[in-house]
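The values are calculated or read from the model by the stated rules, or taken from the named source; none is laboratory data. Everything numeric in this text was worked out from a predicted model, so none of it was measured. Every residue, glycine among them, receives a Cβ derived from its backbone with ideal geometry; neighbour counts consider all protein chains shown. Ligands, DNA and RNA are stripped out before the accessible areas are found, and what is left, the full protein with its side chains, is counted by its heavy atoms. Shrake-Rupley method; radii C 1.70, N 1.55, O 1.52, S 1.80 Å.
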Amino acid sequence: MVSRRDCANAIRALAMDAVQKANSGHPGMPMGMADIAEVLWRNFLKFNPKNPNWPDRDRFVLSNGHGAMLHSALLHLTGFEVSITDLKQFRQLRAKTPGHPEYGDTPGVETTTGPLGQGLANGVGMAIAEQILATTFNREGFTIVDHRTYVFVGDGDLMEGISHEACSLAGTLGLGKLVLIYDDNGISIDGNVAGWFTDDTPQRFAAYGWHVVADVDGHDAAAVQHALEEAQRITDKPSIICCKTIIGYGAPVVAGDAVAHGAPLGEKEVAGARSILNWPHPPFEIPDEIYAAWNAREKGNTLESQWIELFKKYEHVHPDLAKEFLRRQKGLLPDGWQTQMQELVASMQEAHEDNATRKFSLKCLNAFAPLLPELIGGSADLSGSNCTEWSGANLLTPDNRDGNYIEYGVREFAMTGIINGMALHRGFIPFAGTFLVFSDYARNALRLAAIMQTHDIFIYSHDSIGLGEDGPTHQPIEQLPSLRIIPGLDVWRPCDGPETAVAWQQAIEHNGPSCILLSRQKLAHQKRNAKQLAAIAKGGYILWEPPAKAEVILIATGSEVAIAVTGAQQLATQNIFVRVVSMPCCEVFKKQPQEYQAAVLPQHITKRIAIETAIPDYWYQFVGTDGKVIGIEQFGTSAPGQEVFKEYGFTSENIINSVHQLLHVEQTHSS
């Protein structure tokens, strides 16, 4: 008869063998957490290997993602489309088994992890999503949303500051279906953590308002089983199970040592572990009886089939709810979306209103949010400043579990990781706001959003030195170009109401992450014809054309667009003819056909000036060696916004002078 330990040892053997073959990886954690994983995956976790996207599956997140071979082994053993050949290709080019779990590469992986703590935040987001969907769609006799989120974490996860942010909020919200399983092995890369991590973790989580199951022997399957059963009985608060484990369990020399953390064990140590674990089988060979004990395909198919039968009855009794549930799970936008957004953009143009783009953003939310019940917003303690809390916002609290707005507190990093988790869960389009300068706090989670192409929207207001009196600590200089250089992240910086409406429309329709950067200060409305209005969605377009053939092109974004237009109009009175290109989203513009890009920025017009209140380097790809960038290469200063603009040369007068200089250089060179 196959024992629990035999099943756990299959994980250990596969982890040892794959890391050894790759000559790279982290065998210690998989060997240490194998017994815990065996109990969770064989006795508790609800999933179907044949359909990794079944909506009501439990979510499993490996936040300590360096132990990726634990996850890969589990997926293989339980019957996902991860073969023994895939395990042999661990950490190899284009393999299904990368060095850290990667969403989209491996069936059954819910999120990309590796940067410690972020999987934990993703898990909080998934638990929030489950809670809201359950409240929205479940009806008496029809519990169609009823799943848990399990997150494995290690010492490193809990050292990272994002763990405090995310777990504090999770406790406040009372996320009863979130279960953290802490691998307390006392080891990180530098050695025994007693020298730098002496927190009383159970007391810490009790203070957050969590249910704590402390001092569980992570190598005692019965103890782990009892702890998980206890956690499942708690429904009004999240649970953490603190498991004492030995890293590299079974290795004769390096078990319990940092050496086991991040390097192959070596052939001699692997052979010794096989002997200690009583695992006589060759590398990558699993006996049929152990495969049979692990195989979850039949069980998973039964679970999903039962859910499908329930959902069919639900469709009959609650057809509108069922239709809406499926629409949101598929990520489809509601009927009438395009028409309403076209009307909103047109109305913004017709209004001829001068205002801050953050206030235009709020007008957009008030207009389209009623059509998008999947929209869930929030802010890091700046709702009023970011203008993110629209008139229909409904605050999520422990007593109001169907909210569509989250007050994250001052937790930018966790907020970003949490909305990544909500987007990955499906059923929501999450957005969250803070000041642009504080996007730095969240940068690594932004990067993961771009890697995974999650459907998130990041609202960053107070987008330039134009915010004024708060001074250089709050005035973003390097943040805007630093966001643009993240691959796969669309960055919109609108100049007025219509561009703000288009930015929102594109962000909601885009199947990936987007940033919308908004001004604190009032900006001037720009005139456009119907063709120009339609062209905003292309990311860059001709906003102002001179009465004669253009000899210079001005390119601007956001608050600098109005300054550029004013400068161009004044230059026309001097018979100097300048085209103004508004480029609210460079990433989208660069995806347009070459013919369109060339029509907006003709190659023969080499005299170009880009104007943006940020580090200038990004713009040289557009202005070329004959061009110029009016940017800012120092930190700002505390003063009223218009004075700061003048101090750093963001005036129509400076633009005019720069055009004069550019043309003078050309004339001198030609003579």
How big is segment 193-334 in terms of Cα radius of gyration and Dmax, in angstroms?
-> 22.7, 63
State the volume of the convex hull built on the alpha-carbon positions of segment 33-93, expressed per residue in Å³ and rounded to an integer.
-> 98 Å³
Find the relative contact order for the chain and round it to a whole percent, using C-alpha pairs within less than 8 Å whose residues are 6+ positions apart.
-> 12 percent
Full extension from Asp257 to Asp320: what is 0.36 nm times the residue separation minus their Cα-Cα distance, to one decimal in nm?
-> 17.0 nm
To the nearest 10 degrees, how steep is helix 357-368 against the longest Cα principal axis of the chain, on a 0 to 90 scale?
-> 60 degrees
Convex hull over the alpha-carbon atoms of segment 256-298: what's its volume per residue in Å³?
-> 123 Å³
Of the listed pairs Lys50/Lys313; Lys46/Lys96; Lys312/Lys363, which have alpha-carbon separations greater than 28 Å here?
-> Lys312/Lys363
Calculate what fraction, in whole %, of the accessible area of segment 221-313 sits on carbon and sulfur atoms when a 1.4 Å probe is rolled over the protein chains.
-> 53 percent
If you bin the C-alpha pair distances of segment 292-424 every 10 Å from 0, what whole percents do you get?
-> 10, 27, 30, 20, 9, 3, 1
Between 0 and 90°, nearest 10: helix 412-425 axis offset from the chain longest Cα axis | 70 degrees
The chain: calculated mean residue ellipticity at 222 nm from DSSP helix runs of at least 4, using -39500 (n - 2.57) | -13500 deg cm²/dmol
Going 7 Å from the Cα of Asn23 toward and past its Cβ, which residues in segment 72-96 have a backbone nitrogen under 15 Å from where you end up?
-> 90-93
Using alpha carbon coordinates only, what is the Rg to Rh ratio of segment 58-180, with Rh defined as the Kirkwood radius?
-> 1.03
For segment 468-533, report the translational diffusion coefficient in µm²/s to the nearest whole number, using Stokes-Einstein at 10 °C, 1.306 mPa s, and a Kirkwood Rh over Cα pairs.
-> 116 µm²/s
Length gained, Arg443-Asp215, 0.36 nm per residue minus C-alpha separation, equals 78.6 nm
May I ask you to give the average projected area over all directions of the convex hull of the Cα atoms of the chain, in nm² rounded to one decimal?
-> 32.2 nm²
At a temperature of 4 °C and a viscosity of 1.567 mPa s, determine how fast segment 588-671 diffuses translationally according to Stokes-Einstein, using the Kirkwood radius over alpha-carbon pairs as Rh; express D in µm²/s, rounded to the nearest whole number.
-> 89 µm²/s
With a Cα-only, solvent-free Debye model of segment 604-645, what are the log10 I(q)/I(0) values at q = 0.23, 0.28 Å⁻¹?
-> -0.74, -0.92
Please tell me the relative contact order of segment 7-143 in percent, rounded to the nearest whole number, where contacts are Cα pairs under 8 Å and at least six residues apart.
-> 23 percent
Semi-axes in Å, largest first, for segment 427-475 (Cα gyration tensor, √(5λ)) are 25, 12, 7
Per-q log10 I(q)/I(0), segment 348-459, q = 0.14, 0.18, 0.20, 0.21 Å⁻¹ (Debye; single scatterer per alpha-carbon; no solvent) | -0.56, -0.91, -1.09, -1.18
Percent accessible area from carbon and sulfur atoms, segment 1-139, protein chains only, probe 1.4 Å | 45 percent
Over its alpha-carbon atoms, segment 522-666 yields an Rg and a Dmax in Å of 14.5, 44
For the chain, report the accessible area per residue in Å² (1.4 Å probe, heavy atoms, rounded to an integer).
-> 38 Å²
How large is Rg/Rh for segment 126-248, to two decimals, with Cα atoms and a Kirkwood Rh?
-> 1.01
Dimensionless Rg/Rh of segment 523-603, both radii on Cα and Rh by Kirkwood, sits at 0.95
Give the Kirkwood hydrodynamic radius (Å, one decimal) of segment 558-611, defined as one over the mean of 1/r across all pairs of different Cα atoms.
-> 12.4 Å
